[in-house]
Ligand SMILES: [Zn+2]
């Protein structure tokens, strides 16, 4: 579906809603392997032709910093990934635009191009330096996961606590989050511990997101959100990108499929309501995708199933496809 396309057979002739995916790792393929995003990446899960097929209008490039760059090459690495996204947009201005705000993303999408927005995965990217955090915000980074799967001196991740790991968010961690709020960069709670999650929810900042997770009551994985976490995120006005990582959908990851992804979505809708759910696939961050959701071209099929099985109204469906997440980003921008 493209934004210009009318829904066939729809009596109200509504404009089809575009999809937003708030977490893919594709930028690493561009920077490290020189893949051609515009013509196609046959050995990847995301590229422009297949995004168009699915009706994706806004895509967040997660700039993930591998732990091999610790301790002092993380910031350089994340800047290298941002350079890669900028180079892509510069080389294909007619097809792709790099958005620094949600209004820019809406304008780029409305012009028939793909809007790419930057996120950072792993707070170690800032090397404990608020100046480096501000630099990333100035370059257009619109969210940062406070941690990846590693504890930081200032934030506890979802991994088992160690003797030296903090119990949630430290005072410096609170400074990181309030600096993010000053700069309009959304706090992303994917990968953090329940204590860090609660600490951020209690701060006087706009509501956070979890860019990529599923429901823990359906699959007991530490990266997933419990029902009470989904409830409190929704009550705070935040949003959650449903991830398609097979091991987060099912403890028997080889059985993960489209039906199971829909089951997680319906569960999140039933626990958190229709204002919390979005998409954060983690395509190109996973070796194997669920059956029936092999690559990003299948996202349209997923959205249709969630609309039908969840009996969503048109407005609720637009919330799911992009508006729930965009609402949170706009709250941090204002
Ligand atoms: Zn991740």
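Please treat every number below as a calculation from the coordinates, not as lab data. Just so we're clear, the structure is a prediction, and the values are computed from it rather than from any experiment. Cβ placement follows ideal geometry from the backbone for every residue including glycine, while neighbour counts extend to all protein chains displayed.
Some observations on this one:
- The shape of region 189-326 can be summarised by an equivalent ellipsoid whose semi-axes, obtained from the alpha carbon gyration tensor, come to 22, 18, 12 Å from longest to shortest.
- The distance from the alpha carbon centre of region 138-173 to that of region 215-253 is 19 Å, rounded to a whole number.
- If both residues of a DSSP beta bridge must be in the chain, then about 10% of such bridges are antiparallel.
- Cα-based convex hull volume of region 6-155 per residue, rounded to whole Å³: 130 Å³
- Of interest is the spacing of the C-alpha centroids, which for region 288-304 and region 18-52 amounts to 14 Å.
- Protection proxy ranking of 111-121, 311-321 - average other beta-carbon atoms within 10 Å, highest first: 111-121, 311-321
- Convex hull of Cα atoms in region 292-334, direction-averaged projection (nm²): 3.7 nm²
- Computed over region 228-309, the range of Cα coordinates on each principal axis works out to 34, 25, 20 Å, biggest value leading.
- Rel. contact order, % - alpha carbon contacts under 8 angstrom, at least six apart, the chain: 18 percent
- Calculated on alpha-carbon atoms, Rg and Dmax of the chain in Å: 18.3, 62
- Debye log10 I(q)/I(0) at q = 0.19, 0.27 Å⁻¹ for region 183-260, Cα point scatterers: -0.76, -1.30
- Rounded to two decimals, the Cα radius of gyration of region 131-220 over 2.2 N^0.38 Å is 1.06.
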